[in-house]
Every structure is written in C-alpha cells, then in structure tokens.
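Each remark here refers to the structure printed beneath this line.
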Amino acid sequence: MKPGSVFYPDTSAMKFFRRMIRLVLALYAACCALFIWTLPLSGYEWMLDDPALKGERLSFCTLPIDHDTFLGSALGAVALPLLLLVASIALSIRRRKAHYALWISLALLLVWALRFFVFAPSCPDRSDY
C-alpha cells in the first residue's frame, strides 16, 4: 500500500497525526535522556550536596556503599529506551527499512551506557564498585 491509496489515506488529518506522533516521540526521548542522566548512582549521593556535611569533605568514593541503588537505577533506566526500541523494531519490520525511532532508541541506549558505565565514578582503592 502506497501513501495516497484508498487503504492508506494521505489526508491533512493523517499528516497532523504523524506530526503529533513525531512530537510525542521527541518529548519521550528527551524525558528519557533527562531521567537517565539525573538518576543517582548511590542512595547516599544527596550527602555530597548537603550543607551540613560540607566540612566532612565527602567524595563519591567516601560515601557509604549502596549496591541496591546502582543496580535498581541502571535496570530501571534501561527499561525506558527498551520500550522505544521494541516499538521501533516493530515499525522498522513493518516498513521494511529502519524507522527513525530506531535511531533515537539506540541513541538513548548509548546515553544509558555512557551514564552508568563510562561516566560512573571509579574508586581505585575500593573493590566494592
């Protein structure tokens, strides 16, 4: 079926609907990226900005260890781009070519990997991280 045929109408309402889908997709991607980038790596990360603890000279490596928060944040944050990835794979199969949502979802997965693996602070003197 080609655009403009009886089964695939190319009316102004359909064009408006496609524009709205693109806008929603862009907003979803921006919110996902912001959510991924702002998730804490440790449950005690708030201590770094606490004015009462400024004299303690805390760094990320001196915070108490919280294994559950990192794993929960990383797994919770990857769920959002994976939803978009599954939908974009379905759209790509339907169109028989790569849908632009596929590239957006792959970019979000790259942001996730950068946040939780590349830009995660390394503490060489602690073997727990």
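The values are calculated or read from the model by the stated rules, or taken from the named source; none is laboratory data. Remember, predicted model here, so these are calculated numbers, not experimental data. Cβ placement follows ideal geometry from the backbone for every residue including glycine, while neighbour counts extend to all protein chains displayed. For accessibility, only protein heavy atoms count, side chains too; no ligands or nucleic acids. Shrake-Rupley method; radii C 1.70, N 1.55, O 1.52, S 1.80 Å.
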Original post:
Could you list, in sequence order, the residues of region 91-129 that are open to solvent by 40 Å² or more (accessible area, probe 1.4 Å), modelled with pLDDT of 90 or more and either in a loop (DSSP other than H, G, I, E, B) or of a type in the set (Gly, Ala, Ser) (or both)?
Top reply: Ala107
Subject >> Which numbered condition Ser59 fails, given (1) modelled with pLDDT of 85 or more; (2) open to solvent by 40 Å² or more (accessible area, probe 1.4 Å) >> reply: (1)
Original post:
Mind checking which pairs have a first residue in region 67-79 that is at negative phi and of a type outside the set (Ser, Thr, Tyr) and a second that is at pLDDT 65 or above and surrounded by 12 or more Cβ atoms within 10 Å (Cβ to Cβ), Cβ under 6 Å, 6 or more apart or different chains?
Top reply: Phe70/Leu41; Ala74/Phe116; Ala77/Ile36; Ala77/Leu39; Ala77/Trp112; Val78/Trp112
